[in-house]
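Okay, structure first, notes after.
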Amino acid sequence: MTVDGVDEETKMRMQNALNVGDNGKNLYKHIYYCSTQDGCESTQITKESKMKYEAYHQVYSYTGYELDKLEEKNGTYYTESGEDILDLVNHAVEDTGKVPKEYKQQMKNWIHDLVSTMSVKGWNNVSDMTLSILYGKGGLKDMKQLISYQCDADNRKRAWYSVT
């Protein structure tokens, strides 16, 4: 996680706090989750950047492989040992208990579509998500969306949102 728009000392302190353990990962997930809620109309996430995020995370969650580190060719990606990542995804989805039997084929089809689309477009041709959050004396606040979520700095147990 990186911080922009503050003095260097504040930047370093914030980045150090955000990059400890899972702090940055959890904040990123929060911003992503809030930005994709119905009615938010976030300008932070494009259809393509969301697809790239989903392709990466679905492949990683089922196979442990990082899609951006694999070799792309012929509409798919290959491991260093030459295995097609889609074959590995198929086996993993079949073997998992996370997906009900009647939805396994749909899950495989969805991941295949994500991976194939990323392969055709090219990993580096699709922008990553750069999610923004505003920092002020009132705490952290989601931005660039119609619904904004914020935690009250004076009473950290009270979270609120507003529709703009």
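The values are calculated or read from the model by the stated rules, or taken from the named source; none is laboratory data. None of the values given here were measured: they were computed from a predicted structure. Here the Cβ is made from the backbone with ideal geometry for all residues, glycine too, and neighbour counts use every protein chain on show.
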Give the range 62-93 a look and list any residue that's without any contact (Cβ under 8 Å) to a residue 40 or more places away in the chain and acidic (Asp, Glu), or say none. 66, 71, 80, 83, 84, 87
Filtered residue count, the range 24-67, keeping only those that are within 18 Å of residue 117 (Cβ to Cβ) and touching a strand residue (DSSP E or B) at 6+ places or on another chain (Cβ under 9 Å): 3
Is there any pair with a first residue in the range 22-36 that is on the phi < 0 side of the Ramachandran plot and a second that is buried (at least 16 other Cβ atoms within 10 Å of the Cβ) and small (Gly, Ala, Ser) whose Cβ atoms are under 6 Å apart and which are 6 or more apart or on different chains, and what are they? 35/42
Scan (1) under 20 Å from residue 110 (Cα atoms); (2) over 20 Å from the mean Cα position of the chain (by Cα); (3) of a type in the set (S, T, N, Q) for the single condition residue 49 breaks and write down its number. (2)
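Residue by residue, here is whether (1) of a type in the set (Ser, Thr, Tyr); (2) loosely packed, with under 15 Cβ neighbours inside 10 Å; (3) modelled with pLDDT under 95 holds:
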position: 88; (1), (2), (3): no, no, no
position: 95; (1), (2), (3): no, yes, no
position: 115; (1), (2), (3): no, no, no
position: 122; (1), (2), (3): no, yes, yes
position: 127; (1), (2), (3): yes, yes, yes
position: 130; (1), (2), (3): yes, yes, yes
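Go through the range 33-76 and give me each residue that's more than 19 Å from residue 121 (Cα to Cα) and either outside any helix (DSSP H, G or I) or aliphatic (A, V, I, L, M) (or both). Give the steps one after another, and end with the answer.
Start the filter on the range 33-76 by keeping residues that are more than 19 Å from residue 121 (Cα to Cα), which leaves 33-44, 60-65.
Once the filter is applied, which keeps residues that are more than 19 Å from residue 121 (Cα to Cα) and either outside any helix (DSSP H, G or I) or aliphatic (A, V, I, L, M) (or both), the range 33-76 yields 36, 37, 38, 39, 40, 41, 42, 43, 44, 64, 65.
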Being part of a loop (DSSP other than H, G, I, E, B) and surrounded by 12 or more Cβ atoms within 10 Å (Cβ to Cβ) is the filter here; which residues of the range 99-113 pass it? 99
